[in-house]
Amino acid sequence: MDTNNRGLERNRRAILLVAVFTALLTTFTGSALNLSIPSIDNEFHAGAAAIGWVISGYILAAAAMSVPFGRLADLTGRERILKIGILIFSLCSGVLCFANSIEVLLLFRVVQGIGAAMIFSTNQATLISAFPPEKRGKVLGYLIGATYTGLTIGPVLGGVLNHTFGWRSIFALMFVAGILTFALAVKGLGGTSGTWQGQRGNLDLLGSVLYVLVIVSMMYGLSSYSTNTFAKYLIILSIAWFALFLRHELRVESPVIQVRLFRRNISYTLSNLAALLNYGATFALGYLMSLYLQLIRGFDSQTAGIILISQPLIMALLSPYAGRLSDRISPHKLASFGMGLCALGLFLFIFISDDLHLVLIVTYLAIMGLGFAFFSSPNTNAVMACVEPKDYGVASSLLATMRNLGQSSSMAIVTFIVATFLGNIPLEEADPAAVMHVMKVILVVFTILCTIGIFISLKRNRV
């Protein structure tokens, strides 16, 4: 018995390490590569639109494919899909080290995004299905802490690598780290983990295709709303496809998403809606503060990055603590408290001025980081507590989709308001006072959205 327990604990530690490393890898990728975009453009001369897809193609592929892969993992075994996802992600990183054209770069970034979708849909589900419910918040805290650590070290380490060795060195690092993580997954996952090995049912191919169409058209439409006249038609088209998707899912025997769960389980619905609103209200703050620090205050990008790192640093440090706390205190209450802190931080930023002391800026960012730490882990814990183990894959994938949609909506709000008040002139040429005014309008909108999210989050306690 003792031998079995030791084997189980070793297997759980391996699962935790794989989940943490994959969370680090996938988030580090995006945040580290952002600073390399100018270098990539200088080498390939592809233009702003094509270069933007180096980032967007990865995000869009990951967002669109997460739920279908989550369902496939629930049917066939999560560990298998997780290992394949790590391998695809790692091999693509190796190929991208030697990309000799923008077309090759874009193609394998999309494929890498598909590998990331397989990771997103399984690492969290595999982790929580291996641990007992009373430890769910604790391990989720480690996972989300790793996510924010990737976001924190990405700009710093990515900037150093890009400056010293070139942008290809970032992919080289991800290839080596990915292969090591894959080796750990092959050796450590399986056997005595107790994770979900699959269930009966067929993959809903039509539902999966409709879901991908909905997400791609919605996210692309939202992100391009102010720059592309066709975007508004894409959003309308996504709504039509969504209606077809709902109609199909309610009729099929083995749907990709249990749509009826949203009607039966109001707490599950409100938890996902709270995530959508929280990301929608907070994601673009980093973009706004980057503009403020560089255009209004005159700091260079490196100094601005050091100032902005205070928010994800707090998230990385405190997310594990918040996760453990959600095992003892109602995760709904903790998530509501976290969203309240986010609303407070946004409200304080409304009164930002061109001479606000840096200590106050860092303090406001720290409040936002603290709020996010107390929201993310507990809210994820609340979502996963609403579903059965057999549906962990789809539930975690759907929560990731809420995050992606929220982030896209957040940037869409920014671009729409900026275009309405300033037109299409480059922000560098805009009057600083006008930029400050637009920032405050956006922050008022974000504060209202976050406040609505507090009430939605609190309502879960009464359900």
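For the reader, a short list of remarks on this structure follows.
- Other residues with beta-carbon under 14 Å from the beta-carbon of Met118 carry, at +1 per Lys or Arg and -1 per Asp or Glu, a net charge of +2.
- Leu157-Arg251 FRET efficiency (beta carbon distance; Förster radius 45 Å; 0.05 resolution): 0.35
- Model label zone, Lys459; criterion: amide N under 12 Å from point 7 Å along Cα-to-beta-carbon; scope region 248-291: 266-274
- Overall form of region 216-370 per C-alpha gyration tensor (a/c, 1.5; a/b vs b/c): oblate
- For the chain, the Cβ-based charge dipole about the Cα centre amounts to some 1720 debye (Lys, Arg positive; Asp, Glu negative; other atoms uncharged).
- Per-residue HN-Hα couplings for region 333-343 [Karplus 6.51, -1.76, 1.60; θ = phi - 60°; Hz; x = Gly/Pro]: 5, 5, 5, 5, 4, x, 5, x, 5, 4, 4
- Whether region 1-136 is rounded, prolate or oblate, judged on the alpha carbon gyration tensor where a/c under 1.5 counts as rounded: prolate
- Computed from the Cα positions only, the extents of region 203-291 along the three principal axes stand at 50, 33, 19 Å, in decreasing order.
- Label point 7 Å beyond Cα of Val441 along Cβ direction - residues of region 393-422 with amide nitrogen under 12 Å: 414-422
- Helix 266-282 vs. the chain, principal-axis angle (Cα, 0 to 90°, nearest 10): 30
- Table column - 3J(HN,Hα) (Hz), region 158-175, Karplus curve with 6.51, -1.76, 1.60, x for Gly and Pro: x, x, 5, 4, 4, 5, 8, 10, x, 5, 5, 5, 5, 5, 5, 4, 5, 5
- Selection from Ile306, Ser377, Ile352, by position along the positive dipole direction of region 286-390 (Cβ): Ser377
- In region 93-162, inverting the average of 1/r over every pair of distinct C-alpha atoms gives 14.6 Å as the Kirkwood radius.
- Distribution of pairwise C-alpha distances over region 257-463, 10 Å bins, in %: 9, 34, 33, 17, 7, 0
- Per-selection metrics, region 45-111 (Cα): Rg and Dmax in Å: 13.9, 44
- Shape category assigned to region 204-255 from the gyration tensor of Cα positions, a/c cut at 1.5: prolate
- Once both labels are positioned 7 Å from their Cα atoms along Cα-to-Cβ, the gap between Phe351 and Leu237 label points is 4.7 nm.
- In order along region 287-292, phi translates into HN-Hα couplings of 5, 5, 5, 5, 4, 4 Hz, rounded to whole numbers, per the Karplus curve 6.51 cos²θ - 1.76 cosθ + 1.60 with θ = phi - 60° and x for Gly and Pro.
- Over the chain, DSSP H runs of length four or greater, each weighted -39,500 (n - 2.57), average out per residue to a 222 nm ellipticity of -27000 deg cm²/dmol.
- Once the Cα atoms are used to define both axes, helix 432-459 deviates from the longest principal axis of the chain by about 30 degrees.
- Helix axis angle, 48-76 relative to the chain longest principal axis, alpha carbon, degrees: 20
- Projecting the Cα atoms of Ala116, Ala172, Leu399 onto the charge dipole of the chain (Cβ charges, centred on the Cα centre) puts Leu399 farthest toward the positive pole.
- Dividing the radius of gyration of the alpha carbons in region 242-288 by their Kirkwood radius gives 1.16 for Rg/Rh.
- The stretch between Glu9 and Asn42, if pulled fully straight at 0.36 nm per residue, gains 6.9 nm over its current Cα-Cα span.
- The residues Cys450, Cys97, Cys342, when put in order of fewest to most other Cβ atoms within 10 Å, stand as Cys97, Cys450, Cys342.
- Sequence-distant contacts, meaning Cα pairs under 8 Å at least 6 residues apart, place the relative contact order of the chain at 23 percent.
- Assigned charges on the beta-carbon of Lys, Arg, Asp, Glu; region 257-463 dipole about Cα centre (debye): 1220
- Relative to the globular-protein estimate of 2.2 N^0.38 Å, the Cα radius of gyration of region 130-286 stands at 1.37.
Values in this text are rule-based calculations from the coordinates and carry no lab data. This one's a predicted model, so the numbers in the text were calculated from it and none came from an experiment. Methodologically, a virtual Cβ is constructed for each residue, glycine included, from the backbone with ideal geometry; neighbour enumeration extends over all protein chains shown.
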